[in-house]
Amino acid sequence: MDTSLADRLDNVLACMEENFLTPADFINHILGSTEHESARNSLTTKAVRICAALYREEHAHSHVTQWAITIVRDMLRTERDLGEFGGDDIGGMMRKEDDVNEEADDEQSGKRQRRAAERNAALLVIRTVVMISICLQTSNSQCNLLQGWLGFFMRSACVPEKVVEVFAHAGLSISLTSIHNAVSSISREISSKIKREVRTLQAGFAYDNFDIQFKAAQPTLEHRGSFVSATSATVIPLYGINDDNVDALRSSAQLWDRDSHNPSPSVLPVMTEWRSFLQLHKNDAYSRQTHPVRLSPHQEAFSWHVHAILVNQVKEFKHFKKELDEPDTVKRIPVHKTNQIPCRAMDIKQSTTDGNVEVLDNLFRQGGIGDPRDSGFDVEHDVDMSEHIMLIHGDLLTKERLDTVRNSQCIEHTPKNRFQYVIFLPGLFHYKMACADAI
């Protein structure tokens, strides 16, 4: 160091000691002073050099590094806590709800802050993906996965075409022509998939009605909009079909011979009255008592449910919750993921008896199956279903209408026309409704 500079520093430090100031206090007072602007500007303009010099100093290196990390962490936390699309009031989010229990308030505030951080981190990812997708689609029109999704979404949400065109020009959607071509292509693909699955005769159908109200942009007395009652359906591939049980689906004639709807059955009907159902459950594995001093499986299940109600609903029994365990299983059905195939929506009013007949005919045409004696049967491509049963799923009203159809069509000559193939299976929810109504 220059001798003259060292002397000047010694003089300044001696002057600071006489005025009871440390170098750190001296700098802080200059930065906080409003009367020494030139000195403050000299420090602020050379702040980078000062920080760099402190960072190079051996004893100050760790302190400067920790300070920089803390600053960056606080900035990121503030950025993430800005809230969804524009900023939440973090002060409001962090306010205390109960001054008495400060620990609970801090924990709740921490949870809200973490949720806000997770939400905004997800938003940052979404924005990044959108920007990258726009850049990729600009350079290569085939890189349009995100744009295709948004285009399909806007098509399904009936977004005006002008809006779709704006999104397409902005790089956020594919063009209208591409959307229409994609819809047609996917419709053909799904139609082929439906036929391929249904023609195996190892699939069931589930259908229900839905209502759509088409509102007019400018209603008039002559044109107030329209209300459409249509039907949606899906194909459900059957699980567990193999060579040992595949013939069970080819039992339409055998079941019809025992059906109570058959005007001339060759075998005694399987079920003649509701009391016959009681005989089915007397000696099954669920109701049979296997040990003289033990409860039967269904009694054990009832006992477990009583215990569960007491433990979960009565606070005096809460301490027994760890001892409750799970009920014993009887012939547990393995969990299996079923991939359903949506069918084309039908402009048919399913709430009528005739509508259910039309729905089933339409579904069989979509699936490419039918009776060879029908005029619309395609001998080259369609599959004969006259000897097979079809599992049909729906609500209780659908069952009533199909029962009405079978009662009125039982005198027809072909299996398809008398609907002998229908094996109706309500969903679990509707089974519970029927049981509750019976109770």
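The values are calculated or read from the model by the stated rules, or taken from the named source; none is laboratory data. Small disclaimer: the values here were computed from a predicted structure and weren't measured. Glycine also receives a Cβ, built like all others from the backbone with ideal geometry; neighbour counts cover every protein chain displayed.
Miscellaneous remarks
- Figure legend. Inter-residue proximity from region 407-429: first residues in contact (Cβ under 8 Å) with a residue 24 or more places away in the chain and not assigned by TED's automatic domain parsing to the domain that holds residue 371, second residues buried (at least 17 other Cβ atoms within 10 Å of the Cβ) and not hydroxyl-bearing (Ser, Thr, Tyr), beta-carbon distance below 6 Å, spacing 6+ or different chains. No pairs are indicated.
- All positions within region 347-365 that are outside any loop (DSSP other than H, G, I, E, B) and surrounded by 20 or more Cβ atoms within 10 Å (Cβ to Cβ): 356, 359, 360, 363, 364
- Scanning region 158-174 for residues that are surrounded by fewer than 17 Cβ atoms within 10 Å (Cβ to Cβ) and either under 20 Å from residue 233 (Cα atoms) or of a type outside the set (A, V, I, L, M) (or both) gives 158, 160, 161, 162, 165, 169.
- Residue satisfying condition, being more than 26 Å from residue 366 (Cα to Cα) and touching a residue at least 24 places away in the same chain (Cβ under 8 Å), within set 263, 237, 160, 219: 263
- Only residues that are of a type outside the set (Lys, Arg) and more than 24 Å from the chain's Cα centre (by Cα) were counted across region 136-178, and they come to 24.
- When restricted to residues that are out of contact with any helix residue (DSSP H, G or I) (no Cβ under 9 Å at 6 or more places or on another chain), touching a residue at least 40 places away in the same chain (Cβ under 8 Å) and either among the aliphatic types (A, V, I, L, M) or on the phi > 0 side of the Ramachandran plot (or both), region 333-356 contains 1.
- Residue selected from region 186-195 under the condition more than 25 Å from the chain's Cα centre (by Cα) and loosely packed, with under 13 Cβ neighbours inside 10 Å, by the criterion nearest to residue 160 (Cα to Cα): 188
- Residues in region 396-407 that are surrounded by fewer than 17 Cβ atoms within 10 Å (Cβ to Cβ) and either under 31 Å from the mean Cα position of the chain (by Cα) or not in a helix (DSSP H, G or I) (or both): 396, 397.
- Failed item, numbered, when residue 212 is tested on (1) touching a His at 6+ places or on another chain (Cβ under 7 Å); (2) assigned to a strand (DSSP E or B); (3) among the aliphatic types (A, V, I, L, M); (4) modelled with pLDDT under 90: (1)
- Helices (runs of 4 or more DSSP H) enclosed by region 2-90 - at least 2 residues per element that are modelled with pLDDT of 80 or more and aliphatic (A, V, I, L, M): 3-18, 23-32, 37-45, 47-56
- Residue match in region 207-230 (condition: hydrophobic (A, V, I, L, M, F, W, C), surrounded by 14 or more Cβ atoms within 10 Å (Cβ to Cβ) and under 30 Å from residue 426 (Cβ atoms)): yes
- Among the conditions (1) more than 37 Å from the chain's Cα centre (by Cα); (2) not in a helix (DSSP H, G or I), the only one that residue 392 does not satisfy is (1).
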